[in-house]
1. Please report, to one decimal in angstroms, the Kirkwood hydrodynamic radius of region 9-113 built from all distinct Cα-Cα pairs.
2. What is the spin-label model distance, in nm, from Glu16 to Ala60 if the labels are put 7 Å beyond Cα along the C-beta direction?
3. What is the packing order of peptides 28-36, 14-22, 77-85, taking the mean over residues of other C-beta atoms within 10 Å and listing the highest first?
4. For a quick check: sort Ile27, Ile92, Ile100 by the number of other beta carbons within 10 angstrom, fewest at the front.
5. Determine which lysines satisfy two conditions relative to Lys20: a Cα distance under 28 Å, and not lying fewer than 8 residues away in the same chain.
6. Net charge near Lys81, counting Lys/Arg +1 and Asp/Glu -1 over other residues with Cβ under 10 Å of its Cβ?
7. With the crude spin-label approximation of a point 7 Å out along Cα→Cβ, what separation in nm comes out for Leu3 versus Arg42?
8. Net charge near Thr70, counting Lys/Arg +1 and Asp/Glu -1 over other residues with Cβ under 12 Å of its Cβ?
Amino acid sequence: MHLERSHYASEVFSLEEDSKVRLLGWIAVKNQVGGMLFLRLRDGTGYVQVSARKGSVDDAAWNEAVSAETESAVYVEGVVKNDKRAPGGKEIRMTGFKLIAPSLPWPLRKDVLNLGEVHCST
């Protein structure tokens, strides 16, 4: 998989339906409803919704996307679709996914960070 961006998130809304895109960004919001996965992908220009249905992408991409935490850096390949339910009226139907840099689960807690005891001195 070639990890080069073709568009920024804000550019998706001016593209025609069925345009192919490659995006780089961070997962701002992640929701899984049954066999559907919805990601709100953010980059320096804005946000765009990404959706995938289990079975519509290969298992490796699906499993990686499902396991990615909020704020993880990711690469997404997909096709622009008009959908009035999506924020801005368009979304990306995922065809490929790559986790670039995972984040720690939110909210960050001492047990997640494995810091043990933390002492502060003044």
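Readers should treat all values here as calculations from the given coordinates under stated rules, not as data from a laboratory. Just so it is clear, the model here is predicted, and its values are computed rather than measured. Virtual Cβ from ideal backbone geometry, glycine too; neighbours counted across all protein chains shown.
1. Working: mean 1/r = 0.0722 Å⁻¹.
It works out to 13.8 Å.
2. With each label placed 7 Å out from Cα toward Cβ, I get 3.3 nm.
3. Values: 28-36: 11.6, 14-22: 13.7, 77-85: 15.3.
Order by mean packing, descending: 77-85, 14-22, 28-36.
4. Numbers: Ile27 21, Ile92 28, Ile100 13.
Ordered by Cβ neighbours within 10 Å, fewest first: Ile100, Ile27, Ile92.
5. List returned: Lys30, Lys54, Lys81, Lys84, Lys90, Lys98.
6. Charge balance in the 10 Å sphere: -2.
7. Once both label points are built, they end up 2.1 nm from each other.
8. That works out to +1.
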